[in-house]
Each structure stands twice: as structure tokens, then as C-alpha cells.
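What follows is calculated from the coordinates using simple rules that are stated; it is not laboratory data. No experiment lies behind these values; they were computed from the predicted model shown. Neighbour counts are summed over all protein chains in view; Cβ atoms, including those assigned to glycine, are modelled from backbone coordinates with ideal geometry.
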Amino acid sequence: MQLATESKLFCGCSTEFGAAPNTQICPVCLGMPGALPVMNRKAFELSLRTAAAINCQLARFTKWDRKQYYYPDLPKGYQISQFDLPFSHDGWLEISDPKGKFEPKRVGIIRAHLEEDAGKSMHDERAGVADSQIDLNRTGTPLLEIVSQPDMRSPAEAKAFLSELKLLLTYLGVSDCNMQEGSLRVDGNINLHIDTPDGKVATPIVEIKNMNSFRAVERALAYEAERLYEVWQETGQKLGDVPKQTRGWDDAANVTRGQRHKEESSDYRYFPDPDLAPVTVTDAQVEQVLASLGELPATLRTRLETEFGLSPYDSDVLVNQGRALVDYFLHVASATGDGKLASNWLQQDVLRMLNERNWDIAAFPVTAPALVVLLKKVQAGELITSRAREVLQAMIDTGRSADEVMREKGIEQVDESELVALCQELVAANPKVAEDFKAGKMQAIGSLVGQAKKKNPNVNPGRVRELLIEALGKL
Amino acid sequence: MSLTELSAAELLQQLRSGEVSATDAAQACLARIDQVNERVNAMIRVDHAKVLADAGKVDEKRAAGKSIGALAGLPVVVKDLLCTQGEPTTCGSRMLRNFSPPYDATAVAKLRAADGVILGKANLDEFAMGGSTESSIFGPTRNPWDTTRVAGGSSGGSAAAIAASLAPLAIGTDTGGSIRQPAGLCGITGLKPTYGRISRYGLIAFASSLDQIGPMAHSAEDCALLLEVLAGHDPRDATSVDRPVPKYRELLNTSLKGLKLGVVKEHFGEGLNEEVAAAVEQAIDAYRSLGAEIRDVALPHGKYGVATYYVIAPSEASSNLARYDGVHYGYRADEGQLLAELDAERKQLLAAGNKRAAEHLDTALVRMYRKSRSEGFGPEVKRRIMLGTYALSAGYYDAYYVKALKVRRLIRQDFDRAFEQVDLIVGPVTPSTAFKIGEKTNDPLAMYREDLYTVTANLAGIAGIAFPCGQSKSGLPIGVQLQSPPFQEETLLRAAHQFQQATDWHQRRPKL
Amino acid sequence: MGLTRQDVEKVALLARLRLSAEELDALTEQLSKVVGYVEQLGELDTEGVAPMAHAVEVTNVFRDDAVQPSLAREQALASAPHHDGACFLVPAVLGD
């Protein structure tokens, strides 16, 4: 994933997306003779944060190596990456599915390392255009490569892993994680373990590239799993029989395709980059990084469940919306003292509106304190839920406070004595209903409740029903 | 006396006093170049108009009463391995023959900021790979003392320019001896600073952990002047060291009494030319007379220096030169021609029924890389790229590259231990005097083994200086080398300077 | 341990060089010689010796995350052997 720095990993060129080709390059990222790289401090700091958040060990000594191969979008003829001493290793990320598609589990992280990106090569398919175009704007952008353990057992788990990772990265603010813009890229490695009469057999591994969304990842893995099974049935090839294959996902055709056979196996000839100084990290620095992470999704989910009594499903929904919405919820839940109430309102009313109007929570016209005022009235019985919804809509549309809206609409709590009087009135005016009720037809009350509401929309139907029963009972 | 016969220090004095203008100095050097360069081929490119314009600007500055930099209009020759903005920087190679960098090397920028006037780009071994300046596409540089002989390399052009009095100051580079060896063979003074002393930004890389820029001139005093200007930390070079730059010129005259010089017995073994050995011994005697104490020291792993160097340097070079692929700059092979060739090859293979080979034929892109590089690079460069690629490749990396890095540490530890006993190490800089042009080009290994006295300083990262201490019977210069612990350039310069105060080898000039 | 002609051909491809038959022969011989020479390093016991990849032991050299001016596009493309004013051009990069 691309780290959210202003400038590139080894030079001061901007990393802004969407610039005209070759307008964000300099002698360093262009690999001109004599140019030298110098490490971007912020990129390293963001890397440490990220690795700490996925529970990795942070190496106290790390260095950069040259990964050598030839490609027109790699101007130096090598990529500065990390080989044997990456800055972090051995972490994990917990995944779960609120809908229960799979059991909660930990996915191991083998390593996360920091490297520079290559440029872009574009091929124009127009007839007669035999050349490829190279745009080096992206060359030198800082990338964090995270490699997971082969712990995932289904495309759903893979998707959950990616979603959780993306959510985490968003909470940390270390990357835009936008697959469309290329700030998050995914390569998947898949094989099958097949039960045979002779024991479990592993098939050769396939690496899938060119998946441009989480959905594509899920679909590609599902497709490939099936294709691998067919290949297994045809060839019986086991892991180790043939080299790892690389295939590209074609989203339009919904298939993977084998990529051109390379004329030589990749010998990257890694060696330590003599132009870059190694980096040492102290215990104190590691402690500081851990302390500064803030509450991350996993912690927040647990907190919502234990402190506020939310279901895993509900806490998941809220946490997935991002820190800002969680903060909104926390305020409302704490101030009203009712997490479930807050959660319902947030999901059913607030989120619905945000989606409808394509707002994020920062743009929502009703602040958390303003919503609290409204919900407290509901809690106090001053306002019934349906009326409260009306009020909220008006608050959204006009920007006014709950009190102002209620005043305008003439919504007010109906006095208990008024209710009693009203109920007595209704009972007296509807002798047939009284008879039916006495005869055991409880549902007869419904019409009286309806009449009460018509007479005064502000009545609390529940309380009216209670009072009616009392009144009828006295007859 | 012609201005070109003056040392840099002398010329500087006259420039500062106003006796001589920067334009005068430039004109004198240009005239000398016109007169003599053809015979020595020290210079690749001299832009007369630009030189005079640059000199004129310095004179204008002085006339306007503005403060003048430390070099005050001194002409300086720059090895064509350092980037000079907007001017061709060729590295002596077809690969970069038409390349003009859009930026100055930091060392060049510092030179300009100090009001040095760049006289032109000096010849070199292609991409600094060589010890004789015979591999440049611009032809060999000839030793001004005997133009049938090499000037040494890879900074042969810079060395010859000084020796032939084309300029009072030159910038060279040293990866395995490329300043010190030509200095020794041309009878001039050349200093390789400690690694990290001078920024490598804009120095076209040969072997990144070994390359260093350094001054070359007639004397230690002149080298000190240039070193003061070039040295210093550069945020654009992560390997440059953040240490203050001493005023080297002010430290030249401190007495040598009590200075401990180490001598390595193995340096004087077989393979060292007798005359060279004798001259170096004489130099050691001279140091005794100056009050220095001579001691034996051991550098037990020194004999593995050449082997260690010739694994590490080509390995790094093979990586540093991977960028020369004809894609973004530099030489690209004729595309029409290569496509036609591929087509013909494919047809031939198919006609012979060899479908598999036809399928595995280079793609146009790969063929473009291969042809551009093969046509762009000369044989020595290709040889070292091949050697380095091999040493780094899977299966050989541990046995060669990593092993060499370990021996490198042993070599460094030898120096550390020796420098606990002595302040400097004194010894030969080359095993013989200048050899004939063409004499060694057929035996690469023999050529490599000539570097035995110089490579270890680069491997260890320490500093070394070479200066003349005698002449062979046939009148060829003989040099001596001093090596110091890291960041002791002031001791090297002081020791060389005082030797030069007591002797006159450095004042001799070839008859051209 | 000498290099075979095949070894040299493989290395040539890795190095993106194309050698004539004569060059291949000459290089096979020369490289074998040099490699044979450097093998003397194997004589030394380097157990426990840390490899020295840098000449000076510096660590933690960073720069601030600040944007600096890039090259003007014309400048960046000025040295390109083949370009179309916006991009560098190379023979088609197809397939991968």
C-alpha cells in the first residue's frame, strides 16, 4: 500500500495522484547518473505505526537492499526494497464475520517492509502504435508491502482480512487505501489441499495479480480455486512439481489468464544498498510508537460490546464506518446512558441519511449533543419514537434544535391528567368498545387508541392503552 | 614566467592581489591546452567561450567590490565523471556521449560557488574502470613525461592536465586508486579523502561504497586549498559525513617531530620495481630527517586486497550501471535495425524447424536493452559488469560477495590496529613506473594486480595521498603514498607538505 | 572452478548484454581467470566476522517529508532517446 506522505520515499517529488505524466520526477527518482537516494523520515514512521498496529515485531536494526531486474518503468534497473532484514515481522490480524460465514481467527503476518514503487507503462492498442509509453510519476513513491501467512481458508476470509486491514489503515491515517487510485494493491497466492486416500495433497501455488477491488479478489480466488481443482484432476501435479505460476485476473471476462512465460527465472541478485544508511530503532521508540497508536478497530469493537452492550453485528457496523462515527456514537451512548438506543438511532436514522445524501458524519447537520437532546426526550417518554423521527428529519432539514422543531410542530408532551381525562372521554363515548372489552376482546382497545391519536397526535399510545385499560376496568 | 608554471597557491596570491585577472589565468591555460593537449589528450572537452565568460564573471564580481570565493578565479579541470549542468558528461563512454545532466554535482556546485573556473572535462577510463585511461572512447591519455606511456587511471586526464601544466588544479575520483596511481605515474600530488568526506551527489557511480572525489595538483598545499572547498556534509548524499571541515591550509606547517610512520614489510616484496623501492626508501629516510619515527607495522590481510576489491567493485558497478539501458537517457541502439534483425533471426529459426528457440527469442524490448548496452559500453566495462553480475547471482552471492565483505572488515581491522601504533603508513603507490600504452590491455588480471597498493584504502574507507619522491633513470616519475586513519587528511597534507618543503620532486615539470 | 560458456551466456542475459561468439569465448577465459584468482578469499577463516557493506558506519540518515520542485517535463525528457513529449517511449511492453 502506498503510504500517505507528501513527498516520495527517496526524493522530494510530490506523490499527489493524477498529475500529468512525467511532471513529478527529478534526477533521483529518474535514476539519472550520479543521483542518490535519501530516506523520507515520515515514511519510516508511518511504516512503524502500521507494523505495530498489526502486532508485528519491530526490528531494532534494519536496512535496504537492491532488488535488481530490468523493466522500463524501473529506471535504475533495481528497486530499493528490503530483503533479509525487513523493519518488521511476525505479526497478526484478527478477522471475524458477524454473519458467521467463518469462525473468528487470527491471520498471521510474515513481514511488512518498506520499498519504493515503480512507474507505469502504458500500451496504446491503436493500430500502428508499436511503442509503450512510460510515465515515471509514480516511481519512488513509498510502498509498504505486507505479506500474510497462508492462514486463510476461503475467499471470504481473504476479503475479511483485506477489509479489516483497510479499516485499520484508515484508522491509523497511514494510507488512502484506494484500490482504484492504486494506493492499495493486492496479489493473492492460492493452492488447494486435497484429501485423497493416500493422505492430504497440496497442489502447486498460483499467484494472482491485477485484482482491482475486494470483490474482484473474492471472485478471482473463488474462480482460481475451482480452476486449480480441474487442473489437479487433469494433471495430478503436486506442490513442488512445477514452479509457481503467475496469472492475471480479467475482471470483465471473470477468468484468470497465465502470464507470458519469463525467459529466465527471476534472480534478483539482492545486496545491501551502499547508498543508504541502515536504521536502528530503540526500545524507547518502539514503546512510543505503541503508545501513540490510539484505539484501533478491534479494541473499539470490544469496547462497544462490553461497555455499551452492543451485539457483535452492531459494533461491527459502527466501527466499520470509521473513527469519526464511532466518536459520535460514543458521545451519544455515554450521554444517554443507553448504547443500544444510540446504536439503533445511528444505524437506522443517521447512517441511512448519510448514505442517502452521500455525507460523511462531519457533514451531518445534527451534532451528537443535539441528537442527545432528542433521545433524552424519547427516554423520558416525552416523545414517542415515530414522532421523534419526524423531529429528527426536521432537524436535519432545517438545522434547528429539537426543542425549536417541537415548538414549531406543536409537539409537546401531553400531561398525565389530560391523558386520563381523554381516556375517560373516549371510554364514555364508546360503550360498544367497553362491552367488547369486558367480553374479553382485548383488541377492541385498538380503535380507541387510534381515536386518541387522532384527537391529539402528541399522546403516547402506550400510556393511552394503559390508561384505557384502567378506565375500562373501573367500569 | 607563464601563469601556467605557477602553483595554485602562487596563482591564487596573484589573483587575490589583482595582479592577475581570472580572465588572464583562463587565457593562459586555454593557450597551453591549445598548444599541448593534442600530444597528451588530457581533455575531452574545452569550451573556450564558456571558460572566458565564467572567468569574466569572476572579474566583474571583483570589479563590483563583491566578495570573492576561496578559489578566486583559479582554473580547475574536472574529471568527466562529475555532472556539470547543461554540459556533456560522458564518462568516456559511448553510452553517455551525448548526455547533458540537468544538474551539477555538489562538488561542482561548490567549486563554482568558490569562484573556481571550470576549464573543461578531463579524460578518464570509461566509467572510471581502469588503471591507465586507455579505455575511453576519446582515446588514451598520454603521460606528459613520455607520451608513449600511460598517464595511469582512471583519473589519467586530470593527472596529465596537472603534469602538463594545463591547469593548476584538478578534480579526480578514486575507487581503487584512480587518483593516487595516476598522481604517482605523472609526478603530481593527489589525495583520496576518507569515504564520506566529499559528497558523491552528482558523481556518476562506479562502486558506491568505494568511490570518492579528491583534489589533484602540483603540491599538497594546492590540494589542501581544493579540499577545503570540496569537503563537507551534503544532505543529498546519505553517505556523506557530518563533520566540520578543518582549515587544512592553516595546519600544513605543524612540525613532524614525533610523527610515527608505519612501514609494511610485505609492501617491499617481489613484484616491486627496484627503482621504485629505492625511491620510496629514500622518502622514508627523508621523513626520518624531518623528525618522524619509523616503525614496522603489519597489514596481514593486505595481500587479499585486490581479490576483495575485484569482487566488491564489479558487483556494485554491475548494479550501478544497470540504469544504462537506453530507455530514459543515454545511448539506444537503432530500433529499426534491431527489429529487422529479430525478424530475420525468427525466420531463420522457423525455417530450421526450431520452433522453441523462435518462441524464446528476445522480445524487442529485451533486444533493445542488450544491443544498447553492448554497443554503448566498452570491453572493460562489460567485463566488470559480467564479473559483478556473476558474483551477485544466486548460488554465488555468499561465496563471493558476502565473503569479500567479510575480508573487507578484516582489512579494515588491520588498519585500525596498525593506527594504534602509528599515525600514518608510508609505502609505494604503484609497483612500477608508467608502462607503455597497450602493454597491459590484453591481460585484465595482470592490470588488476597493479592496484595492490591502493585498493585497501578504498576498502577500509580511510584516506591516502600520493606525491612524487623520485624519478627513474629514464626520467619517469616515482610516487610515494601516505595513508591515514579516517578523517586525518590534515595529517596527510601536513606530512606531504613538509616533505615538499624539504625536497623538490614536486616542482619538476616534463618537457612538452 | 572455471566458468563454462553456458554460465557466461546466462550471466550475459542477466546483465542484458549481447556478446558475439568471440566475446563469449574471450570472456569465458578472462572471467574464469579472475574468478579463479578471487577464490583465494576462501582460504580465510571469516567465521563470526560481520560483512562490511559500508565504508563508514553511519545510521539513521533521513530527510524531512517536504515537497521539492521536480524537473520541468521538457528537462526530464530532454535526454530521452525516444519520447512523445509526454512519455518515454520503448518497444512495446506486452504481456509482461
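Remark: B:497, B:506 ranked as B:506, B:497, counting other beta-carbon atoms within 10 Å and listing the fewest first. R0 = 22 Å: FRET efficiency of residue A:209 with residue A:110, Cβ-based, nearest 0.05? It comes to 0.75. Please give the length that would be gained between residue B:270 and residue B:363 if that part of the chain were fully extended, namely 0.36 nm times their separation in residues minus their C-alpha to C-alpha distance (nm, one decimal). Computed gain between residue B:270 and residue B:363 is 28.2 nm.
Taking 0.36 nm per residue of separation and subtracting the current Cα-Cα distance, fully stretching the chain between residue B:98 and residue B:351 would add 87.0 nm. Between residue A:352 and residue A:373, the FRET efficiency from the beta-carbon distance, with R0 = 25 Å, is close to 0.80.
When only Cα pairs below 8 angstrom with a gap of at least 6 residues are kept, chain C shows a relative contact order of 19 percent. Put simply, when B:220-229, A:456-465 are sorted by average Cβ atoms within 10 angstrom per residue, most first, you get B:220-229, A:456-465.
Note on B:51-64: average number of Cβ atoms from other chains within 10 Å of each residue's Cβ is 0. In whole Å, how far is the Cα centre of the stretch A:395-427 from that of the stretch B:369-384? Between the Cα centre of the stretch A:395-427 and that of the stretch B:369-384, the gap is 90 Å.
Partner shielding of B:314-320 amounts to 5, given as the average count of beta-carbon atoms from other chains within 10 Å of each residue beta-carbon. Helix B:22-40 and the longest principal axis of the Cα set of chain B meet at an angle near 60°. In a Debye calculation with equal point scatterers on the alpha-carbon sites of the stretch C:1-48 and no solvent, what is log10 I(q)/I(0) at q = 0.16, 0.30, 0.31, 0.32 Å⁻¹? Taken in order of the listed q values, log10 I(q)/I(0) reads -0.51, -1.08, -1.12, -1.16.
Determine which residues of the stretch B:113-128 fall in the zone a paramagnetic label at residue B:509 would reach in this model, i.e. backbone nitrogen under 20 Å from the point 7 Å along Cα→Cβ. The answer is B:117, B:119-120.
Put simply, when A:148-155, B:194-201, B:266-273, B:122-129 are sorted by average Cβ atoms within 10 angstrom per residue, most first, you get B:122-129, B:194-201, A:148-155, B:266-273.
Of the peptides B:328-334, B:310-316, B:291-297, the order by per-residue mean of other Cβ atoms within 10 Å, starting with the highest, comes out as B:310-316, B:328-334, B:291-297. Taking amide H atoms as placed 1.01 Å from N in the peptide plane, the amide H of residue B:178 lies under 5 Å from those of B:154, each 5 or more residues away in sequence or on another chain. Direction-averaged projected area, Cα convex hull, the protein assembly as shown: 58.9 nm², rounded to one decimal. If both residues of a DSSP beta bridge must be in chain A, then about 90% of such bridges are antiparallel. Using alpha carbons only, what's the Rg to Rh ratio of chain A with Rh from Kirkwood? With Rh from the inverse mean 1/r over Cα pairs, Rg/Rh is 1.13.
The mean number of Cβ atoms from other chains found within 10 Å of a Cβ in peptide B:96-102 is 4, as a whole number.
DSSP beta bridges confined to the protein assembly as shown are antiparallel in about 75 percent of cases. Reducing the stretch A:326-393 and the stretch A:280-319 to their Cα centroids gives an inter-centroid distance of 24 Å. Arranged from fewest to most other beta-carbon atoms within 10 Å of their beta carbon, B:445, B:111 become B:445, B:111. Counting only residues at least eight positions apart within a chain, or on another chain, the lysines with an alpha carbon under 25 Å from that of residue A:63 are A:8, A:42, A:76, B:403, B:406. When both the stretch A:204-225 and the stretch B:210-248 are represented by their alpha-carbon centers, they are found 55 Å apart. Mean sequence separation of contacting Cα pairs (under 8 Å, at least six apart), scaled by the length of chain B, corresponds to a relative contact order of 18 percent. Ordering A:80, B:465 by the number of other Cβ atoms within 10 Å of each residue's own Cβ, fewest first, gives A:80, B:465. Charging the Cβ of each Asp and Glu at -1 and of each Lys and Arg at +1, and nothing else, the dipole of chain B about its Cα centre rounds to 700 debye.
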